[in-house]
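The values are calculated or read from the model by the stated rules, or taken from the named source; none is laboratory data. Everything numeric here is computed off the predicted structure, so don't read it as measured data. Counting neighbours? That spans all protein chains shown, and the Cβs are built from the backbone with ideal geometry, glycine included. In case anyone asks, the SASA skips ligands and DNA or RNA and just uses the protein heavy atoms, side chains included. Shrake-Rupley method; radii C 1.70, N 1.55, O 1.52, S 1.80 Å.
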Amino acid sequence: MTTTAVLAQAQQRLSNAELLADDPLWLTLIKVVVLFIVVMLTLALLVWAERRVLGRLQNRPGPNRAGPFGMLQSIADALKLSLKEDIRPARADKWVYIMAPIIGGIPPFLAMAVMPFGGEVTMFGVQTALQVVDLPVGVLVVLACSSVGVYSIVLAGWSSGSPYPLLGALRSAAQVISYEIAMGLSIVGVVLFAGSLSTADIAAAQSGGWFAWILPISFVIYLISMVGETNRAPFDLPEAESELVGGFHTEYTSLKFLMFFLAEYANMVVVSAFATTLFLGGGAVPWPLSAIADNALSSGYWPLLWFGLKTALLIFGFIWARAALPRLRYDQFMKFGWKVLVPLNLVWIVAVTALRVLRNAEGVTSGQRIVIIGVAVAVLVLGSLLLPGRQVADEEPQVPLAGSGYPLPPLDLTVPTPPRQRRTVRARAEQPREAVTASGKEAGDGNA
Amino acid sequence: MLDPYVPLVLMFVLATAFSAVSVLVAPLIGPRRYNRAKLDSYECGIEPSPQPIVGGGRTPVAYYLTAMLFILFDIEMVFLYPFAVTADALGLFGLVEIALFIATVGFAYAYVWRRGGLDWN
(Lines give C-alpha, C1' and ligand atoms only; values in the text may rest on other atoms or scores of the structure.)
Protein backbone atom coordinates (compact mmCIF):
# COMPACT_ATOMS: atom_id res chain seq x y z
CA MET A 1 0.00 0.00 0.00
CA THR A 2 1.43 3.38 -0.95
CA THR A 3 1.61 6.38 1.32
CA THR A 4 -1.09 8.26 -0.58
CA ALA A 5 -3.45 5.32 -0.22
CA VAL A 6 -2.86 5.25 3.52
CA LEU A 7 -3.45 8.99 3.71
CA ALA A 8 -6.67 8.70 1.73
CA GLN A 9 -7.88 5.97 4.02
CA ALA A 10 -6.98 8.05 7.07
CA GLN A 11 -8.89 11.02 5.70
CA GLN A 12 -11.98 8.91 5.13
CA ARG A 13 -12.04 7.86 8.76
CA LEU A 14 -12.83 10.42 11.40
CA SER A 15 -10.14 10.89 14.01
CA ASN A 16 -10.88 9.93 17.60
CA ALA A 17 -10.97 13.59 18.66
CA GLU A 18 -13.68 14.37 16.10
CA LEU A 19 -15.65 11.29 17.08
CA LEU A 20 -15.44 12.08 20.78
CA ALA A 21 -16.40 15.73 20.34
CA ASP A 22 -20.01 14.74 19.66
CA ASP A 23 -20.33 12.42 22.65
CA PRO A 24 -23.36 13.22 24.78
CA LEU A 25 -22.70 13.66 28.49
CA TRP A 26 -24.40 10.41 29.52
CA LEU A 27 -22.17 8.39 27.22
CA THR A 28 -19.06 10.07 28.58
CA LEU A 29 -20.26 9.32 32.08
CA ILE A 30 -20.81 5.64 31.22
CA LYS A 31 -17.35 5.42 29.65
CA VAL A 32 -15.69 7.01 32.67
CA VAL A 33 -17.40 4.65 35.09
CA VAL A 34 -16.73 1.58 32.94
CA LEU A 35 -13.07 2.51 32.54
CA PHE A 36 -12.76 3.05 36.28
CA ILE A 37 -14.29 -0.35 37.04
CA VAL A 38 -12.16 -2.05 34.39
CA VAL A 39 -9.00 -0.54 35.84
CA MET A 40 -9.97 -1.64 39.35
CA LEU A 41 -10.66 -5.18 38.17
CA THR A 42 -7.39 -5.18 36.23
CA LEU A 43 -5.58 -4.19 39.40
CA ALA A 44 -7.22 -6.98 41.40
CA LEU A 45 -6.31 -9.44 38.69
CA LEU A 46 -2.82 -8.02 38.33
CA VAL A 47 -1.94 -8.41 42.01
CA TRP A 48 -3.11 -12.01 41.88
CA ALA A 49 -1.37 -12.66 38.56
CA GLU A 50 1.89 -11.24 39.83
CA ARG A 51 1.89 -13.49 42.86
CA ARG A 52 0.94 -16.52 40.78
CA VAL A 53 3.58 -15.86 38.11
CA LEU A 54 6.23 -15.12 40.73
CA GLY A 55 5.23 -18.34 42.45
CA ARG A 56 5.62 -20.38 39.28
CA LEU A 57 8.95 -18.72 38.53
CA GLN A 58 10.15 -19.60 42.02
CA ASN A 59 8.91 -23.18 41.81
CA ARG A 60 5.99 -22.85 44.25
CA PRO A 61 2.25 -22.66 43.61
CA GLY A 62 1.47 -19.10 44.76
CA PRO A 63 -1.95 -18.16 46.20
CA ASN A 64 -4.45 -20.87 45.20
CA ARG A 65 -7.10 -20.97 47.94
CA ALA A 66 -9.52 -18.05 47.48
CA GLY A 67 -11.75 -18.73 44.49
CA PRO A 68 -10.80 -20.56 41.29
CA PHE A 69 -6.99 -20.62 40.97
CA GLY A 70 -6.91 -18.20 43.91
CA MET A 71 -8.24 -15.41 41.70
CA LEU A 72 -10.16 -13.78 44.53
CA GLN A 73 -7.01 -13.47 46.62
CA SER A 74 -6.62 -9.72 46.09
CA ILE A 75 -10.26 -9.09 47.01
CA ALA A 76 -9.74 -11.10 50.20
CA ASP A 77 -6.60 -9.08 50.92
CA ALA A 78 -8.40 -5.78 50.36
CA LEU A 79 -11.23 -6.84 52.68
CA LYS A 80 -8.79 -7.90 55.33
CA LEU A 81 -6.82 -4.67 55.07
CA SER A 82 -9.98 -2.59 55.39
CA LEU A 83 -10.76 -4.30 58.71
CA LYS A 84 -7.34 -3.52 60.18
CA GLU A 85 -6.64 -0.77 62.65
CA ASP A 86 -5.87 2.60 61.15
CA ILE A 87 -2.81 3.90 62.99
CA ARG A 88 -1.58 7.46 62.75
CA PRO A 89 1.82 7.84 64.40
CA ALA A 90 2.00 10.46 67.13
CA ARG A 91 4.70 12.40 65.31
CA ALA A 92 2.91 12.44 61.95
CA ASP A 93 1.67 15.68 60.42
CA LYS A 94 -2.04 14.89 60.50
CA TRP A 95 -3.48 16.40 57.33
CA VAL A 96 -0.52 15.83 55.05
CA TYR A 97 -0.36 12.27 56.32
CA ILE A 98 -4.00 11.73 55.32
CA MET A 99 -3.73 13.63 52.02
CA ALA A 100 -0.72 11.72 50.68
CA PRO A 101 -2.48 8.41 49.88
CA ILE A 102 -5.45 10.29 48.40
CA ILE A 103 -3.15 12.22 46.06
CA GLY A 104 -1.43 8.98 45.09
CA GLY A 105 -4.64 7.24 44.10
CA ILE A 106 -5.91 9.83 41.61
CA PRO A 107 -3.33 10.36 38.81
CA PRO A 108 -3.17 6.80 37.40
CA PHE A 109 -6.89 6.86 36.64
CA LEU A 110 -6.61 10.25 34.96
CA ALA A 111 -3.77 8.95 32.81
CA MET A 112 -5.81 5.92 31.77
CA ALA A 113 -8.53 8.24 30.48
CA VAL A 114 -6.41 9.45 27.55
CA MET A 115 -5.32 5.98 26.41
CA PRO A 116 -6.59 5.21 22.90
CA PHE A 117 -7.99 1.70 23.27
CA GLY A 118 -9.38 1.70 19.77
CA GLY A 119 -11.07 3.56 16.94
CA GLU A 120 -14.62 4.03 15.78
CA VAL A 121 -17.43 1.98 17.35
CA THR A 122 -21.16 2.37 17.85
CA MET A 123 -22.17 2.43 21.51
CA PHE A 124 -25.90 2.50 22.36
CA GLY A 125 -26.61 3.83 18.86
CA VAL A 126 -24.10 6.66 19.12
CA GLN A 127 -21.04 6.76 16.90
CA THR A 128 -18.02 7.22 19.11
CA ALA A 129 -14.47 6.02 19.74
CA LEU A 130 -13.01 3.50 22.19
CA GLN A 131 -11.40 6.20 24.26
CA VAL A 132 -12.64 8.36 27.09
CA VAL A 133 -11.03 11.61 26.00
CA ASP A 134 -8.60 12.56 23.23
CA LEU A 135 -6.73 15.76 24.01
CA PRO A 136 -4.28 17.52 21.69
CA VAL A 137 -1.82 17.28 24.60
CA GLY A 138 -2.59 13.72 25.68
CA VAL A 139 1.09 12.78 26.11
CA LEU A 140 1.60 15.73 28.44
CA VAL A 141 -1.38 14.63 30.54
CA VAL A 142 0.22 11.23 31.12
CA LEU A 143 3.57 12.80 32.00
CA ALA A 144 1.90 15.32 34.31
CA CYS A 145 0.04 12.53 36.09
CA SER A 146 3.24 10.59 36.69
CA SER A 147 4.82 13.78 38.08
CA VAL A 148 1.95 14.39 40.47
CA GLY A 149 2.41 10.84 41.74
CA VAL A 150 5.79 11.95 43.13
CA TYR A 151 4.05 14.41 45.43
CA SER A 152 2.21 11.58 47.12
CA ILE A 153 5.49 9.77 47.78
CA VAL A 154 7.36 12.82 49.07
CA LEU A 155 4.49 14.02 51.26
CA ALA A 156 3.95 10.54 52.69
CA GLY A 157 7.60 10.21 53.63
CA TRP A 158 7.86 13.70 55.03
CA SER A 159 4.66 13.65 57.05
CA SER A 160 5.30 10.28 58.70
CA GLY A 161 7.83 11.86 61.06
CA SER A 162 10.04 8.81 60.97
CA PRO A 163 13.51 8.28 59.47
CA TYR A 164 12.89 5.27 57.23
CA PRO A 165 9.93 6.73 55.33
CA LEU A 166 11.79 10.01 54.93
CA LEU A 167 14.83 8.35 53.39
CA GLY A 168 12.63 6.15 51.24
CA ALA A 169 10.68 9.14 50.00
CA LEU A 170 13.84 11.09 49.14
CA ARG A 171 15.25 8.16 47.25
CA SER A 172 12.00 7.53 45.51
CA ALA A 173 11.59 11.16 44.45
CA ALA A 174 15.15 11.39 43.16
CA GLN A 175 14.67 8.14 41.28
CA VAL A 176 11.33 8.98 39.73
CA ILE A 177 12.37 12.43 38.55
CA SER A 178 15.66 11.10 37.16
CA TYR A 179 13.95 8.40 35.16
CA GLU A 180 11.19 10.74 34.13
CA ILE A 181 13.79 12.71 32.19
CA ALA A 182 14.87 9.57 30.35
CA MET A 183 11.26 8.60 29.77
CA GLY A 184 10.22 12.04 28.51
CA LEU A 185 13.18 12.28 26.15
CA SER A 186 12.49 8.84 24.71
CA ILE A 187 9.00 10.01 23.76
CA VAL A 188 10.39 12.95 21.72
CA GLY A 189 11.32 10.60 18.87
CA VAL A 190 7.78 9.25 18.76
CA VAL A 191 6.29 12.75 18.71
CA LEU A 192 8.69 13.64 15.92
CA PHE A 193 7.41 10.82 13.73
CA ALA A 194 3.76 11.18 14.66
CA GLY A 195 3.76 14.98 14.43
CA SER A 196 1.23 15.20 17.24
CA LEU A 197 0.96 15.00 21.02
CA SER A 198 -2.47 13.40 20.90
CA THR A 199 -2.37 9.75 21.98
CA ALA A 200 -4.96 8.70 19.38
CA ASP A 201 -2.99 10.37 16.58
CA ILE A 202 0.20 8.66 17.74
CA ALA A 203 -1.49 5.27 17.72
CA ALA A 204 -2.99 5.99 14.28
CA ALA A 205 0.35 7.15 12.89
CA GLN A 206 1.72 3.63 13.40
CA SER A 207 -0.44 2.02 10.73
CA GLY A 208 2.62 1.93 8.47
CA GLY A 209 4.90 0.35 11.08
CA TRP A 210 5.14 0.32 14.84
CA PHE A 211 7.49 2.87 16.38
CA ALA A 212 9.14 0.04 18.28
CA TRP A 213 10.69 -1.01 14.94
CA ILE A 214 11.36 2.49 13.66
CA LEU A 215 12.78 3.85 16.93
CA PRO A 216 14.29 0.83 18.67
CA ILE A 217 16.59 2.86 20.92
CA SER A 218 13.71 5.04 22.14
CA PHE A 219 11.69 1.90 22.82
CA VAL A 220 14.42 0.23 24.86
CA ILE A 221 15.07 3.42 26.86
CA TYR A 222 11.36 3.75 27.52
CA LEU A 223 11.12 0.15 28.71
CA ILE A 224 14.01 0.62 31.14
CA SER A 225 12.86 3.97 32.44
CA MET A 226 9.27 2.83 32.92
CA VAL A 227 10.52 0.26 35.43
CA GLY A 228 12.56 2.96 37.19
CA GLU A 229 9.62 5.35 37.08
CA THR A 230 7.25 2.94 38.82
CA ASN A 231 9.75 1.92 41.54
CA ARG A 232 9.60 -1.72 40.54
CA ALA A 233 12.25 -4.40 40.84
CA PRO A 234 15.12 -4.38 39.93
CA PHE A 235 14.85 -0.62 40.56
CA ASP A 236 12.71 -0.84 43.71
CA LEU A 237 15.30 0.97 45.83
CA PRO A 238 12.78 3.09 47.74
CA GLU A 239 11.34 -0.11 49.14
CA ALA A 240 14.60 -1.95 49.64
CA GLU A 241 13.45 -4.09 52.57
CA SER A 242 16.96 -4.83 53.72
CA GLU A 243 17.81 -1.13 53.98
CA LEU A 244 14.67 0.90 54.49
CA VAL A 245 11.99 -1.43 55.88
CA GLY A 246 9.06 -0.52 53.62
CA GLY A 247 10.21 2.79 52.21
CA PHE A 248 7.87 5.77 52.18
CA HIS A 249 4.81 3.80 53.32
CA THR A 250 6.38 2.20 56.39
CA GLU A 251 4.09 4.11 58.76
CA TYR A 252 0.88 3.50 56.84
CA THR A 253 -1.65 0.84 57.71
CA SER A 254 -5.09 -0.32 56.67
CA LEU A 255 -6.76 1.31 53.65
CA LYS A 256 -4.18 4.10 53.48
CA PHE A 257 -1.55 1.48 52.78
CA LEU A 258 -3.91 -0.11 50.28
CA MET A 259 -4.09 3.17 48.34
CA PHE A 260 -0.30 3.26 47.94
CA PHE A 261 -0.37 -0.37 46.92
CA LEU A 262 -3.10 0.29 44.36
CA ALA A 263 -1.29 3.36 43.05
CA GLU A 264 1.88 1.38 42.46
CA TYR A 265 0.09 -1.30 40.46
CA ALA A 266 -2.07 1.24 38.65
CA ASN A 267 1.09 3.07 37.62
CA MET A 268 2.41 -0.20 36.22
CA VAL A 269 -0.72 -0.54 34.12
CA VAL A 270 -0.47 3.10 33.01
CA VAL A 271 3.13 2.96 31.83
CA SER A 272 2.50 -0.37 30.08
CA ALA A 273 -0.59 0.98 28.34
CA PHE A 274 1.34 4.10 27.42
CA ALA A 275 4.15 2.00 25.94
CA THR A 276 1.53 0.11 23.94
CA THR A 277 0.17 3.42 22.64
CA LEU A 278 3.53 4.96 21.83
CA PHE A 279 5.50 2.05 20.47
CA LEU A 280 3.29 -0.98 19.85
CA GLY A 281 0.61 0.54 17.65
CA GLY A 282 -2.13 0.93 20.29
CA GLY A 283 -5.09 -1.28 19.47
CA ALA A 284 -3.84 -2.28 16.01
CA VAL A 285 -3.73 -6.01 15.39
CA PRO A 286 -0.20 -7.52 15.18
CA TRP A 287 1.33 -8.29 11.82
CA PRO A 288 0.36 -11.79 10.66
CA LEU A 289 -3.25 -11.27 11.72
CA SER A 290 -3.48 -7.84 10.13
CA ALA A 291 -3.54 -9.52 6.70
CA ILE A 292 -6.89 -11.17 7.50
CA ALA A 293 -9.79 -9.55 5.63
CA ASP A 294 -8.02 -6.24 5.01
CA ASN A 295 -7.29 -5.45 8.65
CA ALA A 296 -10.81 -6.27 9.81
CA LEU A 297 -9.48 -7.35 13.21
CA SER A 298 -8.42 -3.75 13.91
CA SER A 299 -11.94 -2.35 13.68
CA GLY A 300 -14.92 -2.36 15.99
CA TYR A 301 -14.35 -3.70 19.47
CA TRP A 302 -11.42 -5.94 18.48
CA PRO A 303 -8.74 -3.35 19.40
CA LEU A 304 -9.66 -3.78 23.08
CA LEU A 305 -8.35 -7.33 22.88
CA TRP A 306 -5.07 -6.39 21.18
CA PHE A 307 -4.49 -3.41 23.44
CA GLY A 308 -5.12 -5.58 26.48
CA LEU A 309 -2.83 -8.35 25.23
CA LYS A 310 0.05 -5.99 24.46
CA THR A 311 -0.31 -4.30 27.85
CA ALA A 312 -0.48 -7.67 29.59
CA LEU A 313 2.68 -8.76 27.82
CA LEU A 314 4.53 -5.68 29.06
CA ILE A 315 3.23 -6.21 32.59
CA PHE A 316 4.41 -9.80 32.42
CA GLY A 317 7.82 -8.35 31.58
CA PHE A 318 7.65 -6.35 34.83
CA ILE A 319 6.96 -9.49 36.85
CA TRP A 320 9.60 -11.49 35.02
CA ALA A 321 12.19 -8.79 35.71
CA ARG A 322 11.27 -8.87 39.38
CA ALA A 323 11.80 -12.62 39.56
CA ALA A 324 14.98 -12.71 37.49
CA LEU A 325 17.04 -9.65 38.38
CA PRO A 326 18.62 -8.65 41.70
CA ARG A 327 18.14 -5.15 43.04
CA LEU A 328 20.64 -2.54 41.87
CA ARG A 329 22.79 -0.48 44.19
CA TYR A 330 21.55 3.09 44.47
CA ASP A 331 24.63 4.84 43.07
CA GLN A 332 24.80 2.43 40.12
CA PHE A 333 21.17 3.06 39.42
CA MET A 334 21.43 6.86 39.44
CA LYS A 335 24.63 6.72 37.43
CA PHE A 336 22.94 4.60 34.79
CA GLY A 337 20.04 7.02 34.48
CA TRP A 338 22.04 10.21 34.30
CA LYS A 339 25.23 9.12 32.58
CA VAL A 340 23.90 6.58 30.09
CA LEU A 341 20.21 7.02 29.35
CA VAL A 342 20.10 10.84 29.19
CA PRO A 343 23.10 11.44 26.85
CA LEU A 344 22.16 8.45 24.70
CA ASN A 345 18.68 9.89 24.38
CA LEU A 346 19.91 13.36 23.37
CA VAL A 347 22.28 12.00 20.72
CA TRP A 348 19.56 9.74 19.41
CA ILE A 349 17.07 12.62 19.14
CA VAL A 350 19.51 14.77 17.15
CA ALA A 351 20.38 11.80 14.90
CA VAL A 352 16.74 10.96 14.22
CA THR A 353 15.90 14.61 13.51
CA ALA A 354 18.85 14.90 11.14
CA LEU A 355 17.85 11.76 9.27
CA ARG A 356 14.32 12.99 8.95
CA VAL A 357 15.38 16.40 7.67
CA LEU A 358 17.67 14.68 5.19
CA ARG A 359 14.87 12.43 3.97
CA ASN A 360 12.46 15.32 3.53
CA ALA A 361 15.05 17.58 1.86
CA GLU A 362 14.43 18.22 -1.82
CA GLY A 363 17.10 17.97 -4.49
CA VAL A 364 19.27 15.53 -2.56
CA THR A 365 19.95 12.23 -4.33
CA SER A 366 20.16 8.99 -2.40
CA GLY A 367 23.90 8.82 -3.20
CA GLN A 368 24.45 12.21 -1.60
CA ARG A 369 22.39 11.09 1.41
CA ILE A 370 24.60 8.08 1.97
CA VAL A 371 27.70 10.29 1.71
CA ILE A 372 26.27 12.77 4.24
CA ILE A 373 25.35 9.99 6.67
CA GLY A 374 28.79 8.45 6.23
CA VAL A 375 30.50 11.76 6.96
CA ALA A 376 28.36 12.27 10.06
CA VAL A 377 29.14 8.78 11.37
CA ALA A 378 32.85 9.32 10.66
CA VAL A 379 32.80 12.63 12.57
CA LEU A 380 31.05 10.93 15.50
CA VAL A 381 33.56 8.07 15.57
CA LEU A 382 36.51 10.48 15.37
CA GLY A 383 34.94 12.60 18.09
CA SER A 384 34.51 9.60 20.34
CA LEU A 385 38.20 8.77 19.86
CA LEU A 386 39.09 12.24 21.13
CA LEU A 387 37.18 11.69 24.37
CA PRO A 388 39.53 11.12 27.29
CA GLY A 389 39.68 7.54 28.44
CA ARG A 390 38.49 6.38 31.79
CA GLN A 391 40.63 7.91 34.48
CA VAL A 392 42.13 5.36 36.79
CA ALA A 393 42.44 6.73 40.27
CA ASP A 394 46.05 6.46 41.38
CA GLU A 395 45.22 6.26 45.02
CA GLU A 396 42.04 4.88 46.40
CA PRO A 397 40.84 7.19 49.13
CA GLN A 398 41.78 5.32 52.25
CA VAL A 399 41.01 5.76 55.87
CA PRO A 400 44.27 6.32 57.73
CA LEU A 401 44.87 3.10 59.61
CA ALA A 402 47.33 4.24 62.19
CA GLY A 403 46.99 7.25 64.41
CA SER A 404 43.30 7.83 63.79
CA GLY A 405 42.37 7.30 67.39
CA TYR A 406 39.83 4.60 66.67
CA PRO A 407 40.32 1.16 68.15
CA LEU A 408 41.40 -1.13 65.32
CA PRO A 409 41.17 -4.90 65.16
CA PRO A 410 44.40 -6.75 64.30
CA LEU A 411 44.91 -6.37 60.55
CA ASP A 412 46.98 -9.50 59.92
CA LEU A 413 44.01 -11.79 60.28
CA THR A 414 44.49 -15.43 59.38
CA VAL A 415 42.15 -18.31 59.88
CA PRO A 416 43.14 -19.77 63.24
CA THR A 417 43.91 -23.46 63.35
CA PRO A 418 41.08 -25.33 65.03
CA PRO A 419 41.71 -26.96 68.40
CA ARG A 420 43.11 -30.46 68.32
CA GLN A 421 39.93 -32.19 69.37
CA ARG A 422 37.92 -30.76 66.45
CA ARG A 423 40.74 -31.56 64.01
CA THR A 424 40.69 -35.21 64.92
CA VAL A 425 36.89 -35.29 64.66
CA ARG A 426 37.04 -33.84 61.18
CA ALA A 427 39.74 -36.21 60.11
CA ARG A 428 37.70 -39.12 61.39
CA ALA A 429 34.67 -37.83 59.51
CA GLU A 430 36.58 -37.64 56.26
CA GLN A 431 38.41 -40.93 56.50
CA PRO A 432 35.54 -43.42 56.44
CA ARG A 433 33.99 -41.66 53.44
CA GLU A 434 37.15 -42.29 51.44
CA ALA A 435 37.21 -45.83 52.66
CA VAL A 436 33.60 -46.36 51.55
CA THR A 437 34.19 -45.00 48.08
CA ALA A 438 37.34 -46.99 47.75
CA SER A 439 35.65 -50.20 48.81
CA GLY A 440 32.69 -49.40 46.56
CA LYS A 441 35.04 -49.04 43.65
CA GLU A 442 36.68 -52.31 44.48
CA ALA A 443 33.29 -53.98 44.73
CA GLY A 444 32.35 -52.52 41.35
CA ASP A 445 35.58 -53.80 39.88
CA GLY A 446 34.93 -57.17 41.33
CA ASN A 447 31.48 -57.33 39.75
CA ALA A 448 32.85 -56.33 36.41
CA MET B 1 -20.91 19.81 22.38
CA LEU B 2 -18.86 19.24 25.46
CA ASP B 3 -15.63 20.87 26.40
CA PRO B 4 -12.91 18.28 25.66
CA TYR B 5 -11.69 18.38 29.26
CA VAL B 6 -15.05 17.43 30.78
CA PRO B 7 -14.37 13.65 30.73
CA LEU B 8 -11.07 14.25 32.47
CA VAL B 9 -12.84 16.27 35.17
CA LEU B 10 -15.40 13.48 35.59
CA MET B 11 -12.63 10.94 35.96
CA PHE B 12 -10.91 13.19 38.48
CA VAL B 13 -14.07 13.47 40.55
CA LEU B 14 -14.62 9.70 40.49
CA ALA B 15 -11.01 8.86 41.38
CA THR B 16 -10.91 11.47 44.12
CA ALA B 17 -14.17 10.23 45.57
CA PHE B 18 -12.91 6.65 45.59
CA SER B 19 -9.57 7.34 47.23
CA ALA B 20 -10.89 9.95 49.66
CA VAL B 21 -13.76 7.74 50.82
CA SER B 22 -11.57 4.69 51.29
CA VAL B 23 -8.92 6.65 53.19
CA LEU B 24 -11.35 8.57 55.37
CA VAL B 25 -13.55 5.56 56.10
CA ALA B 26 -10.64 3.41 57.26
CA PRO B 27 -10.54 4.69 60.86
CA LEU B 28 -14.30 4.07 61.18
CA ILE B 29 -14.40 0.37 60.24
CA GLY B 30 -11.12 -0.76 61.74
CA PRO B 31 -10.75 -1.64 65.40
CA ARG B 32 -9.17 0.86 67.76
CA ARG B 33 -6.94 -0.45 70.50
CA TYR B 34 -4.81 2.20 72.13
CA ASN B 35 -1.17 1.40 72.74
CA ARG B 36 1.47 4.06 73.20
CA ALA B 37 4.21 2.03 71.53
CA LYS B 38 2.03 1.59 68.48
CA LEU B 39 2.01 5.33 67.85
CA ASP B 40 5.80 5.62 67.95
CA SER B 41 7.63 5.75 64.67
CA TYR B 42 8.74 2.35 63.48
CA GLU B 43 12.42 1.65 63.84
CA CYS B 44 12.60 -2.12 63.94
CA GLY B 45 11.78 -2.30 67.63
CA ILE B 46 14.38 0.05 69.05
CA GLU B 47 13.54 3.37 70.69
CA PRO B 48 12.79 5.94 67.96
CA SER B 49 15.70 8.26 67.31
CA PRO B 50 15.09 11.87 68.33
CA GLN B 51 14.06 14.04 65.40
CA PRO B 52 13.13 17.65 64.79
CA ILE B 53 9.40 18.30 65.01
CA VAL B 54 8.97 19.41 61.39
CA GLY B 55 10.63 17.65 58.49
CA GLY B 56 13.34 15.10 59.04
CA GLY B 57 16.29 17.30 59.82
CA ARG B 58 19.16 17.42 57.37
CA THR B 59 19.01 15.70 54.01
CA PRO B 60 22.00 14.92 51.78
CA VAL B 61 22.69 17.79 49.39
CA ALA B 62 22.88 15.40 46.44
CA TYR B 63 19.08 15.22 46.44
CA TYR B 64 18.77 18.97 45.96
CA LEU B 65 21.27 18.74 43.12
CA THR B 66 19.19 16.03 41.47
CA ALA B 67 16.12 18.19 41.81
CA MET B 68 17.92 21.13 40.18
CA LEU B 69 19.11 18.92 37.34
CA PHE B 70 15.60 17.62 36.92
CA ILE B 71 14.31 21.15 36.44
CA LEU B 72 17.02 21.87 33.88
CA PHE B 73 16.23 18.78 31.82
CA ASP B 74 12.51 19.05 32.29
CA ILE B 75 12.64 22.47 30.69
CA GLU B 76 14.71 21.04 27.88
CA MET B 77 12.08 18.34 27.43
CA VAL B 78 9.28 20.88 27.43
CA PHE B 79 11.00 22.76 24.62
CA LEU B 80 11.70 19.60 22.65
CA TYR B 81 8.04 18.56 22.45
CA PRO B 82 6.74 21.54 20.48
CA PHE B 83 9.81 21.31 18.29
CA ALA B 84 9.12 17.63 17.62
CA VAL B 85 5.54 18.38 16.61
CA THR B 86 6.58 21.01 14.06
CA ALA B 87 9.96 19.53 13.07
CA ASP B 88 8.89 18.68 9.53
CA ALA B 89 7.75 22.24 8.84
CA LEU B 90 10.93 23.77 10.23
CA GLY B 91 13.28 21.57 8.23
CA LEU B 92 17.02 22.26 8.31
CA PHE B 93 16.56 25.50 10.27
CA GLY B 94 14.85 23.57 13.06
CA LEU B 95 17.55 20.92 13.10
CA VAL B 96 20.34 23.47 13.51
CA GLU B 97 18.42 25.37 16.16
CA ILE B 98 17.61 22.29 18.21
CA ALA B 99 21.18 20.98 17.93
CA LEU B 100 22.41 24.34 19.28
CA PHE B 101 19.83 24.20 22.05
CA ILE B 102 20.79 20.67 23.08
CA ALA B 103 24.46 21.67 22.95
CA THR B 104 23.77 24.64 25.25
CA VAL B 105 22.13 22.42 27.84
CA GLY B 106 24.89 19.91 27.14
CA PHE B 107 27.47 22.39 28.44
CA ALA B 108 25.70 22.61 31.77
CA TYR B 109 25.39 18.84 31.79
CA ALA B 110 29.10 18.35 31.02
CA TYR B 111 30.00 20.84 33.76
CA VAL B 112 27.91 19.01 36.35
CA TRP B 113 29.35 15.67 35.26
CA ARG B 114 32.91 16.99 35.46
CA ARG B 115 32.38 18.50 38.91
CA GLY B 116 31.09 15.17 40.19
CA GLY B 117 27.46 16.26 40.53
CA LEU B 118 26.26 12.99 39.03
CA ASP B 119 28.29 10.78 41.37
CA TRP B 120 26.70 9.13 44.37
CA ASN B 121 28.55 7.60 47.21
Quiz item: Of the residues that make up the stretch B:68-79, is at least one without any contact (Cβ under 8 Å) to a residue 60 or more places away in the chain, surrounded by 15 or more Cβ atoms within 10 Å (Cβ to Cβ) and either of a type in the set (Phe, Trp, Tyr) or touching a His at 6+ places or on another chain (Cβ under 9 Å) (or both)?
Solution: yes
Quiz item: Among the residues of the stretch A:316-335 satisfying the criterion of being among the aliphatic types (A, V, I, L, M) and surrounded by 13 or more Cβ atoms within 10 Å (Cβ to Cβ), which is nearest to the other protein chains (Cβ to nearest Cβ)?
Solution: A:Met334
Quiz item: When you look at B:Thr59, is it at the interface with another protein chain (Cβ under 7 Å from one of its Cβ atoms) and among the hydroxyl-bearing types (Ser, Thr, Tyr), yes or no?
Solution: yes
Quiz item: Which members of the stretch A:364-404 meet the condition of being over 27 Å from A:Leu344 (Cα atoms) and at pLDDT below 70?
Solution: A:Asp394, A:Glu395, A:Glu396, A:Pro397, A:Gln398, A:Val399, A:Pro400, A:Leu401, A:Ala402, A:Gly403, A:Ser404
Quiz item: Got a sec? Which of B:Ala108, B:Ala37, B:Ala62 is at pLDDT 80 or above and either out of contact with any Lys or Arg (no Cβ under 7 Å at 6 or more places or on another chain) or open to solvent by less than 70 Å² (accessible area, probe 1.4 Å) (or both)?
Solution: B:Ala108
Self-check item: A:Val32 being touching a Leu at 6+ places or on another chain (Cβ under 6 Å), over 30 Å from B:Lys38 (Cβ atoms) and either modelled with pLDDT of 85 or more or within 8 Å of chain B (Cβ to nearest Cβ) (or both)
Solution: yes
Quiz prompt | Filtered residue count, the stretch A:156-185, keeping only those that are more than 15 Å from B:Thr59 (Cα to Cα), in contact (Cβ under 8 Å) with a residue 40 or more places away in the chain and open to solvent by 10 Å² or more (accessible area, probe 1.4 Å) | solution = 0
Quiz item: Regarding A:Gly105, is this residue buried (at least 20 other Cβ atoms within 10 Å of the Cβ) and away from chain B (no Cβ under 11 Å)?
Solution: no
Practice problem: Determine whether the stretch A:80-93 contains at least one residue that is facing chain B (nearest Cβ under 8 Å) and of a type in the set (Ser, Thr, Tyr). | Solution: yes
Quiz item: So, of the residues in the stretch A:108-132 that are open to solvent by 20 Å² or more (accessible area, probe 1.4 Å) and part of a loop (DSSP other than H, G, I, E, B), which turns out to be nearest to the other protein chains (Cβ to nearest Cβ)?
Solution: A:Phe117
